Amino acid sequence: MKTTLLKNATIVNEESSIECDLLIKNERIEKIESSIPSSDASQIFDLRGLHLLPGLIDDQVHFRQPGYEYKATIETESKAALAGGITSYLEMPNTKPQTTTLKAWNNKYEIARNSSYANYGFMFGGTNDNLEEIKRLDFKKVPALKLFLGSSTGNMLIDNPNILKEIFTNTPIRIALHCEDENTINQNLIKAIALYGDNIPIGMHPKIRSSEACLKSTRMAVKLAKETGAKIHIFHLSTEDETDFFTNQIPLSQKQITAEVCLHHLWFSDDDYSSKGTYIKWNPAIKSTADKKALWKALNDDRIDVLATDHAPHTKEEKKRPYTSAPSGGPLVQHMLPGLLTFAHRGLISIEKIVRKAAHNPAILFDIADRGFIREGYYADLVAVDIKKIWTVNSNNLLYKCQWSPFEGEQFTGWVKYTFVNGNLAYDNGQILETKSAKKLELSR
């Protein structure tokens, strides 16, 4: 029986930070005590000076497989996720084929079973045409339904209000939403093309995919959720006005309507388009400094419930295209926890709140069993971090298949030293270990 002892760690979990030892037996946390004898373990790690966190659960990634393997694969991006402190992920359905049939959904699990280095789950996609397929789902096995109310990579836009209402009415699990109003975006784009032709400046992106487009779509989704009783989760908030739709007055487990913010919307603002160009072209767009400040406020006062990445890689060649043909999205999972720890170093958020928003809360919202917390009996998905180490992102330390990052040249304060997946060391101070121990995420429903 394999036993691993983590000694002298500062364990960050459930709003507290305490120095403890932790014993792993096989895949699970066996014991958490102030002092555990070394004789109890076959393998020992001294974590003195390090903080031990539950592995992050990223509820929104695009790993591009199947169909876009030239951009990324489940294997390459799950490896990068380990370096970013992410031990579990939920992947989005806009692949090729789209994950809008049970056959396609099951196929993704088979791919991940053979290739993923982090624990995996796959959202099922809704379209204008697959309502009957959705009704046939076993909702005890599907972590969430994903709907695109604004266009993104792939063609999964739902623009039929009657179908949308039917989906909301017939889906008992949480529905994750990309909220942007397509008509508003199209009208703005037509005006921009009339002014600039194919040479639209990247600084126009937040004016084309505007705050008004986000607000109109989010308002509609919240209204419909209240009418139908659907549980919804609004992905990647990007505007100040949207934050007013969410509450901090009730416990997360009782919230019908929840929200998320992503690393890039907290890091960048529209001031960065001049230097970063299309490398920070995302949907929804990065917006003003005032919007960024409002997102921070809503995150810290608990109107925003989850921190995620919306990791969505494209090749450098694709991102260098003119505005109208350059795709939106970028690679982020490798830099999730280092970026968040840098925010903590700057005093913008506590490390305890990072753990709650990026590990505890995703587990609660999506009913992920025995993960997201450091508790006896839970799977040993753990991340040991050096919160003081300063390092710089450069092309030589990137793990993404696309081999670029919007953070190149950025200096982080916070380093992932060890990542454990199901009790096994999977990432060791910059190196991915080739023994895969990832599992399908089970749901507690």
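Worth pointing out:
- Helices (runs of 4 or more DSSP H) wholly inside segment 186-301 containing at least 1 residues that are under 21 Å from ASP59 (Cα atoms), touching a Cys at 6+ places or on another chain (Cβ under 7 Å) and not polar (S, T, N, Q): 211-228
- Just one residue in the set LEU82, LEU6, LEU22, LEU52 is in contact with a Ser or Thr (Cβ under 8 Å, 6 or more places away or on another chain), assigned to a strand (DSSP E or B) and not polar (S, T, N, Q); that residue is LEU52.
- Sole exception among (1) more than 26 Å from ARG28 (Cα to Cα); (2) open to solvent by less than 50 Å² (accessible area, probe 1.4 Å); (3) over 22 Å from the mean Cα position of the chain (by Cα) for SER395, by number: (2)
Here's the yes/no breakdown for (1) of a type in the set (S, T, N, Q); (2) out of contact with any strand residue (DSSP E or B) (no Cβ under 8 Å at 6 or more places or on another chain); (3) open to solvent by less than 10 Å² (accessible area, probe 1.4 Å):
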| site | (1), (2), (3) |
| --- | --- |
| HIS314 | no, yes, yes |
| LYS320 | no, yes, no |
| PRO327 | no, yes, no |
| SER350 | yes, yes, no |
| ILE354 | no, no, yes |
| ILE364 | no, yes, no |
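- Any hit, segment 389-409, residues being acidic (Asp, Glu) and closer than 23 Å to PHE45 by Cα: no
- Every residue from segment 175-228 that is open to solvent by less than 50 Å² (accessible area, probe 1.4 Å) and among the polar types (S, T, N, Q): THR184, ASN188, SER210, SER211, SER217, THR218, THR228
- Residue in segment 30-42 that is surrounded by 13 or more Cβ atoms within 10 Å (Cβ to Cβ), out of contact with any helix residue (DSSP H, G or I) (no Cβ under 8 Å at 6 or more places or on another chain) and of a type in the set (Ser, Thr, Tyr) present: no
- Restricting segment 276-312 to residues that are closer than 18 Å to LEU332 by Cα and of a type in the set (S, T, N, Q) leaves a set whose member that is surrounded by the most Cβ atoms within 10 Å (Cβ to Cβ) is THR309.
- Filter pass, LYS146 being closer than 27 Å to GLN187 by Cα, modelled with pLDDT of 95 or more, over 22 Å from the mean Cα position of the chain (by Cα) and among the charged types (D, E, K, R): no
The values are calculated or read from the model by the stated rules, or taken from the named source; none is laboratory data. Here the structure is a predicted model, which means the values were calculated and not measured. Because the Cβ atoms are built from the backbone with ideal geometry, glycine has one as well, and the counts that use them run over all protein chains shown. Note: areas computed on protein heavy atoms with side chains; ligands, DNA, RNA excluded. Shrake-Rupley method; radii C 1.70, N 1.55, O 1.52, S 1.80 Å.
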